[in-house]
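Chemist: The following block contains the structure, expressed as structure tokens.
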Amino acid sequence: MKEPRGIQLNQSEYRWDRTESPASFALRYTCAIRRFLLSGLNSENATDQILETLIQSLVSNGYEGKRAGKFRDYLIAQIKEHVDQFFTQSNCSAASAEVTKWIAEALNPQSLIWMRAWRDSLLERSWRSLERAEHIEPERPTYSVLHASSTQPNATLAMIRVQIATATALQIPEERIGEILAVAKVQFAQVLADEICETLSRNSLESIQEEIQLLGLNRAFDGIKLDV
């Protein structure tokens, strides 16, 4: 089978604002949302209650009041609404000064705190996708090879080969390790591009490239051929 060497930024035709199940789409990101809320609220109880009401709202009302644009912008607006609602309606004491500051700084679309959290969620989902592919095709450990290369940038192919052999018992020639690494970089870039594409209403190359730039994800696409 011919190995992929390039990617298409706007390959995916799926869009967040056209899905029949808004709650299901949001569930993709619940782990990331929970970490984000917990880091600012420092309360598992408040975090879980807010996340629950957010998902319930999407189940009951769908994308109520949505506008075409970026899912991350819509989502942070919904998060803020439910955070405000929690502190208004709950019997707990008012938010501390630290939490109040976090709400003001983090819960808006331009927040660097939110953008970093969103960036991490996209990368996390892309890594998981590559890991699932390796479970299906374990003789070609794309996830393991790319992860080793990413976490140890100075590792040689020989070092990665030893690491793979130790972890999986696979004896893969160095040349083949290099081939797998090249394929893994392309696969990861395509999955990440699809993740980004699906969270935008516009599927133009310009809008996707702009989002890559804004989120600081350029490195994932370095040296990757763009097929148009």
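The values are calculated or read from the model by the stated rules, or taken from the named source; none is laboratory data. What you see is a predicted model, and the numbers here were worked out from it, not measured in a lab. Here Cβ is always computed from backbone atoms with ideal geometry, including for glycine, and neighbour counts include all displayed protein chains.
Chemist: Given the options 209, 171, name the one that is of a type outside the set (A, V, I, L, M, F, W, C), assigned by TED's automatic domain parsing to the domain that holds residue 153 and surrounded by 12 or more Cβ atoms within 10 Å (Cβ to Cβ).
Modeler: None of the other options fit; the residue is 209.
Chemist: What about residue 39, is it among the small types (Gly, Ala, Ser) and farther than 22 Å from residue 123 by Cβ?
Modeler: no
Chemist: For the stretch 1-49, give me each residue that is assigned to a loop (DSSP other than H, G, I, E, B) and in contact with a strand residue (DSSP E or B) (Cβ under 7 Å, 6 or more places away or on another chain).
Modeler: 5, 9
Chemist: Say we look at the stretch 1-48 and pick out the residues that are of a type in the set (Ser, Thr, Tyr) and out of contact with any Asp or Glu (no Cβ under 8 Å at 6 or more places or on another chain); which of these is nearest to residue 195 (Cα to Cα)?
Modeler: Restricting to residues being of a type in the set (Ser, Thr, Tyr) and out of contact with any Asp or Glu (no Cβ under 8 Å at 6 or more places or on another chain), the top hit is 29.
Chemist: When you go through (1) more than 20 Å from residue 110 (Cα to Cα); (2) without any contact (Cβ under 8 Å) to a residue 24 or more places away in the chain; (3) surrounded by 16 or more Cβ atoms within 10 Å (Cβ to Cβ) one by one for residue 190, which number turns out not to apply?
Modeler: (2)
Chemist: Collect the residues in the stretch 200-228 that are modelled with pLDDT under 95 and assigned to a loop (DSSP other than H, G, I, E, B), keeping them in residue-number order.
Modeler: 201, 202, 203, 204, 222, 223, 224, 227, 228
Results for (1) among the hydroxyl-bearing types (Ser, Thr, Tyr); (2) crowded, with 17+ Cβ neighbours inside 10 Å; (3) under 22 Å from residue 24 (Cα atoms); (4) modelled with pLDDT of 95 or more, shown as yes or no for each residue.
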{"residue": "47", "(1), (2), (3), (4)": "yes, yes, yes, yes"}
{"residue": "61", "(1), (2), (3), (4)": "no, no, yes, no"}
{"residue": "72", "(1), (2), (3), (4)": "no, yes, yes, yes"}
{"residue": "79", "(1), (2), (3), (4)": "no, yes, yes, yes"}
{"residue": "94", "(1), (2), (3), (4)": "no, no, no, no"}
{"residue": "114", "(1), (2), (3), (4)": "no, yes, yes, yes"}
{"residue": "122", "(1), (2), (3), (4)": "no, yes, yes, yes"}
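Chemist: Right, another one. Under 6 Å between Cβ atoms, which residue pairs at least 6 apart in sequence (or on different chains) link something in the stretch 97-117 that is under 19 Å from residue 67 (Cβ atoms) with a partner that is of a type in the set (A, V, I, L, M, F, W, C) and outside any loop (DSSP other than H, G, I, E, B)?
Modeler: Taking only residues 6 or more apart or on different chains, the pairs are 109/76; 114/76; 114/106.
Chemist: Identify, please: which residue in the stretch 12-30 is out of contact with any Phe, Trp or Tyr (no Cβ under 7 Å at 6 or more places or on another chain) and without any contact (Cβ under 8 Å) to a residue 40 or more places away in the chain and is, among those, surrounded by the fewest Cβ atoms within 10 Å (Cβ to Cβ)?
Modeler: Only one residue tops the list, namely 20.
Chemist: Among the numbered criteria (1) of a type in the set (Val, Ile, Thr); (2) over 30 Å from residue 202 (Cβ atoms); (3) outside the structural domain of residue 194 (by TED's automatic domain parsing), which single criterion is violated by residue 76?
Modeler: In the conditions (1) of a type in the set (Val, Ile, Thr); (2) over 30 Å from residue 202 (Cβ atoms); (3) outside the structural domain of residue 194 (by TED's automatic domain parsing), residue 76 misses (2) alone.
Chemist: Same structure, new question: Return the residues of the stretch 165-187 that are assigned to a helix (DSSP H, G or I), more than 26 Å from the chain's Cα centre (by Cα) and among the polar types (S, T, N, Q); say none if nothing qualifies.
Modeler: 166, 168
This table checks each residue for (1) among the polar types (S, T, N, Q); (2) surrounded by fewer than 16 Cβ atoms within 10 Å (Cβ to Cβ); (3) touching a residue at least 60 places away in the same chain (Cβ under 8 Å).
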residue	(1), (2), (3)
86	no, no, no
125	no, no, yes
134	no, no, no
158	no, yes, no
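Chemist: Then there's this: Of the residues 37, 9, which single one is buried (at least 20 other Cβ atoms within 10 Å of the Cβ), at pLDDT 90 or above, out of contact with any Phe, Trp or Tyr (no Cβ under 6 Å at 6 or more places or on another chain) and over 30 Å from residue 96 (Cα atoms)?
Modeler: 9
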